[in-house]
Amino acid sequence: MPNIMYTAAELMAVAARTAPKAAGKDFVVLEILQGDQLQKLADAMVDYGRQTNRKNFDRDGENVRRSEAVLLIGLKNAQKAGLDCGACGEPRCAELKDLQPGPEFAGPICAWRLLDLGIAIGSAVKTASILNIDNRIMYRIGVLARRLGLIDADMAVGIPLSATGKNIYFDR
């Protein structure tokens, strides 16, 4: 079913791309992984969990290993929305600090751009649900996908995809 899963991931990417965005500006980036890329990502997730003693990177890495595809969704160079709303913790957008590297993601990022990312993710998983594709949103995938250069994003998550008799993402 790899080609079917790639098509499903493409449809999910379309849903993410066309999801509403604050002020109509799009900073969402998308990538689809299959085959050897999944194995590379899974190995890196397991290794990272061991090296950093971070819980559940190994578990999620094994889920990636058993998946047929992964849709990566992230934000790249997300500009401030210009609403001066204070949701980011600053009273005015102009006071939000410039993007800095963090231990796993870069930040700070405008709260409205993070909402854009969330809406795009929700639209993608809604599409997977309509297609009866098992999936789960995983932040840990985004950490290693960025480190491996599988997605050029400041912040990212991954959505692994599977179609088996039992949802592999809820064997926890």
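Each value in this text was obtained by applying a stated rule to the coordinates, not by laboratory testing. Just so it is clear, the model here is predicted, and its values are computed rather than measured. Note that each Cβ is placed from the backbone with ideal geometry, even for glycine, and that neighbours are counted across all protein chains shown.
Relative contact order for the stretch 91-172: what percent, with Cα pairs under 8 Å and sequence separation of 6 or more? Contact order relative to length: 26 percent.
When shorter helices are ignored and each DSSP H run of at least 4 residues is given -39500 (n - 2.57), the per-residue value for the chain at 222 nm works out to -13500 deg cm²/dmol. Among Trp112, Ala15, Cys85, which residue has its Cα positioned farthest towards the positive end of the charge dipole of the stretch 1-122, with +1 placed on the Cβ of Lys and Arg, -1 on the Cβ of Asp and Glu, and the dipole taken about the Cα centre? Result: Cys85, furthest along the dipole toward the positive end. Here the relative contact order of the chain, from alpha carbon pairs under 8 Å that lie six or more residues apart, stands at 30 percent.
The 3J(HN,Hα) values that the Karplus relation (6.51, -1.76, 1.60; θ = phi - 60°) gives for the stretch 98-103 are, in residue order, 5, 4, 10, x, x, x Hz. Gly and Pro appear as x.
FRET efficiency for the Lys166 to Thr52 pair, using the beta carbon distance and R₀ = 35 Å, is estimated at 0.70.
Between Lys76 and Leu148, the contour length at 0.36 nm per residue exceeds the alpha carbon distance by 24.3 nm. The distance between label points at Arg59 and Val14 comes to 3.5 nm (points 7 Å beyond Cα on the Cα→Cβ vector). The protection proxy used here, the mean number of other Cβ atoms lying within 10 Å of each residue, ranks peptides 117-130, 60-73 as follows, highest first: 60-73, 117-130. Applying 1/(1 + (r/R0)^6) with R0 = 25 Å to the Cβ-Cβ distance of Asp98 and Tyr139 gives a FRET efficiency near 0.60.
Compute the relative contact order of the stretch 35-79 as a whole-number percentage, counting only Cα pairs closer than 8 Å that sit 6 or more residues apart in sequence.
39 percent
Against the chain, whose longest principal axis is taken from its Cα atoms, helix 2-18 shows a tilt of about 10°.
Assuming charge only on the beta carbon of Lys and Arg (+1) and of Asp and Glu (-1), the dipole of the stretch 20-135 about its Cα centre is about 180 debye to the nearest 20. Across the stretch 72-78, rounded Karplus estimates of 3J(HN,Hα) from the backbone phi angles (6.51 cos²θ - 1.76 cosθ + 1.60, θ = phi - 60°) give 9, 10, x, 10, 9, 6, 5 Hz, Gly and Pro being marked x.
Here the 3J(HN,Hα) profile of the stretch 81-96, calculated from phi with Karplus coefficients 6.51, -1.76 and 1.60 at θ = phi - 60°, is 6, x, 9, 6, 8, x, 4, 7, x, 10, x, 9, 3, 4, 8, 5 Hz, Gly and Pro shown as x. For the chain, a/c is not less than 1.5, where a ≥ b ≥ c are the root eigenvalues of the C-alpha gyration tensor, and a/b does not top b/c. That puts it in the oblate class. For helix 36-52, report the angle its Cα long axis makes with the longest principal axis of the Cα atoms of the chain; keep it between 0 and 90° and round to the nearest 10°. The angle comes out at about 70 degrees.
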